[in-house]
Amino acid sequence: MPPYLTLKNNTYYFRQSIPAELRPLIGKREIKKSLGQSYPAAVRECKRYALLADNLIAEARTRLDAMPVDPLSSQGIRRTHLVTLNEVTPELETQLGNLVRASLLDTDRRKRIAGMTTEEFEEYGEHIDQAITALRKQLAMGLVEPMLESTRIFLIGRGYVPEFSESDWRKIAYVATQANLEAYEGIRKRHEGAIVGEDKAEILPSQFIAQNASKAVATTDDTISWQMLYDIWDKECERRENTRASYLAAMNLFSAFCSKNPTEVTREDALAFRDFLRDEKKLAPGTIANKLGFVGTLFATGRDSPTLVKRLPENPFADIKVKRAQRGTAGEKRQPFTDAELKMIFNSPIYTEHKRPAGGAGEACAWIPAIAYLTGMRLEEIATLTKKQFQVDAKGNHYIHILDGKNENSADRDVPIHPELIRAGLLEYVRSCHDRLFPKVKSKDEVQSASFSKWWARHLDRLGISAKSKVFHSFRHLFKDLCRNARIEDAVIDQICGHEPGTVGGKYGAGRRVDVLAEELQRVIPPVSLPKIMVK
């Protein structure tokens, strides 16, 4: 079963524990939801609740990190990102010198405030004289080695990782030696009764203090922009590039539709945007829900900021309903192509007469369906393929390395190339490409294959395949059936298709090797052979 899915008394439940440090912020120890008694439905709902729970925990983590802590406490040290220093700049020399002098003079001041006996005063005076004599000799001779380790400790103690060349190490150690001598000369004047103040010049900042004193987002005026909300969201945690692109595209689309800044957006504006996506953009219900969710998440991120929450209204995108379209309803779920429909597709003029219709993006109209037929890859994965993704293992098996996955938690995978695709000429076509296999497949949307998907729907209609259950994704359903008919185990099919393993144990390890997958895939016998695909 998927993670967080449990079964009790014939009912499935989603259960995810909340980290102990976040429980006071969320107000509970565990997130628990009843998912009913249908396993397939429970799996779908479990994944949805897992995403919601991850967002809830991430938001709580952001609020926790925004709370100031003792910079030198274990928590402060743990959440500080150490800054790497690669060279000794004049600014670093000045700041380190000021830090060394200020530290020694402050230690001396505290010692005198605490008081000394006559004996301690005399011993301390001898120590000062000996230190000055030694430091003057070291400075005169350039003997900086005794100061190297203490300088390194100074830098590390301020939250830095020094990675200097040998010459830079000598330079910074010389600065520290000089600062030590200047400090001790000031300490001796104090020992003689003179007043020596402590320089308030800028010292090397502590990263522990700089990063932990406050995590709140500062604003200079009353204007809150969408870009500001996006930047806050983007800095919460590591984001995949395709995730950033999706959120940014949704944000730009809404800001173009509605010129208001976030503080002025109303529920009516959000609902009007939903209708615009449905009626004007003609987007699918799932895509509409995603875009509304993306913009709503940016809004919610702003409301989690202590400095912005009072200036933002309640999230106008929360709980907006998106009605499902007729296509793809329960009675007409996506179905695999039949053998007769495959013959219609691969005996069309695209393959028999080398036609390349307008909207089919050149060679894409021939190769994208063929690749989907015998790899089970998603349309977007195929549409964005590049030449370097086609690789060969040590045993000579050709495969496609799929970059990233459809979801935030999915990983890269390797898909072996079926012999029928090689016979059809796929490798020859790949060798003829420069970078992208299908550069003419592009869209203004963040989904590059959006325009091709619309063309494919029109193409099926022209072929007489008009059932609403038959879409491009039907190839993926067909591929899974072909693998099952070849008696390939589900775990192998899931690995090739990029589906999450159904058990906890299935998530261990890197999966089967390419040669094992290739051997399994050779058992798949296509019901309709691919023609030799000639490049026009």
Please specify each residue of region 290-310 satisfying the condition of being over 20 Å from E268 (Cβ atoms), among the charged types (D, E, K, R) and in a helix (DSSP H, G or I). K310
Take the conditions in contact with a Pro (Cβ under 9 Å, 6 or more places away or on another chain) and modelled with pLDDT of 85 or more and apply them to F337. Does it pass? no
Looking at region 229-238 only, could you name the residues that are surrounded by 13 or more Cβ atoms within 10 Å (Cβ to Cβ) and touching a residue at least 60 places away in the same chain (Cβ under 8 Å)? L229, Y230, I232, W233, E236
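Kindly establish whether F337 is assigned to a helix (DSSP H, G or I) and touching a Ser or Thr at 6+ places or on another chain (Cβ under 7 Å). I'd like the intermediate steps shown before the answer.
Working: assigned to a helix (DSSP H, G or I): no; touching a Ser or Thr at 6+ places or on another chain (Cβ under 7 Å): yes.
No: the conditions fail for F337.
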Filtering region 337-378 down to residues that are aliphatic (A, V, I, L, M) and over 31 Å from the mean Cα position of the chain (by Cα), which residue is farthest from L521 (Cα to Cα)? A358
Only residues that are modelled with pLDDT under 75, on the phi > 0 side of the Ramachandran plot and either surrounded by 15 or more Cβ atoms within 10 Å (Cβ to Cβ) or in contact with a strand residue (DSSP E or B) (Cβ under 7 Å, 6 or more places away or on another chain) (or both): list them for region 493-536, please. G511
Identify all residues within region 133-165 that are free of Cβ contacts under 8 Å to residues at least 60 places away in the same chain, exposed (fewer than 12 other Cβ atoms within 10 Å of the Cβ) and within 30 Å of R78 (Cβ to Cβ); write none if there are none. E149, I153
Identify, from the list E202, E198, the residue that is modelled with pLDDT of 80 or more and either closer than 30 Å to E264 by Cβ or in the same structural domain as K111 (by TED's automatic domain parsing) (or both). E202
Look through region 279-323, keep the residues that are surrounded by fewer than 15 Cβ atoms within 10 Å (Cβ to Cβ) and β-branched (V, I, T), and return whichever of them is nearest to A250 (Cα to Cα). V309
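Residue-by-condition table, conditions (1) modelled with pLDDT of 90 or more; (2) in a loop (DSSP other than H, G, I, E, B); (3) surrounded by fewer than 22 Cβ atoms within 10 Å (Cβ to Cβ):
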residue	(1), (2), (3)
I371	yes, no, no
A394	no, yes, yes
D404	no, yes, yes
S410	no, yes, yes
D414	no, no, yes
For region 249-278, give me the residue count where each residue is under 14 Å from F317 (Cβ atoms), loosely packed, with under 14 Cβ neighbours inside 10 Å and either in contact with a helix residue (DSSP H, G or I) (Cβ under 9 Å, 6 or more places away or on another chain) or of a type in the set (S, T, Y) (or both). 3
Taking G359 as meeting all but one of (1) touching a Phe, Trp or Tyr at 6+ places or on another chain (Cβ under 8 Å); (2) assigned to a helix (DSSP H, G or I); (3) not hydrophobic (A, V, I, L, M, F, W, C), write down the number of the exception. (2)
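Which residue out of I172, I195, I156 is at negative phi and touching a helix residue (DSSP H, G or I) at 6+ places or on another chain (Cβ under 7 Å)?
Going through I172, I195, I156 in turn, just one is at negative phi and touching a helix residue (DSSP H, G or I) at 6+ places or on another chain (Cβ under 7 Å): I172.
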Look at A42 and say whether it is buried (at least 18 other Cβ atoms within 10 Å of the Cβ), in a helix (DSSP H, G or I), over 25 Å from the mean Cα position of the chain (by Cα) and not assigned by TED's automatic domain parsing to the domain that holds R303. yes
Looking at this structure, is A102 buried (at least 16 other Cβ atoms within 10 Å of the Cβ), of a type in the set (G, A, S), modelled with pLDDT of 80 or more and in the same structural domain as E182 (by TED's automatic domain parsing)? yes
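Would you be able to tell me the number of residues in region 414-438 that are touching a Cys at 6+ places or on another chain (Cβ under 9 Å) and without any contact (Cβ under 8 Å) to a residue 60 or more places away in the chain?
Quick first cut of region 414-438, residues touching a Cys at 6+ places or on another chain (Cβ under 9 Å) only: 415.
Applying the additional criterion that residues be without any contact (Cβ under 8 Å) to a residue 60 or more places away in the chain yields none.
Looking only at that region, the number is 0.
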If I go through region 1-50 residue by residue, how many of them are under 30 Å from P306 (Cβ atoms) and not aromatic (F, W, Y)? 20
Find the residue count for region 123-145, including only residues that are farther than 20 Å from R188 by Cβ and part of a helix (DSSP H, G or I). 2
If you go through region 207-228 one residue at a time, do you hit one that is at pLDDT 85 or above, within 30 Å of M147 (Cβ to Cβ) and not basic (K, R)? yes
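The values are calculated or read from the model by the stated rules, or taken from the named source; none is laboratory data. Note that the structure is a prediction, hence the values are computed from the model and not measured. A quick note on method: Cβ atoms are made from the backbone with ideal geometry, for glycine too, and the neighbour counts reach across all protein chains shown.
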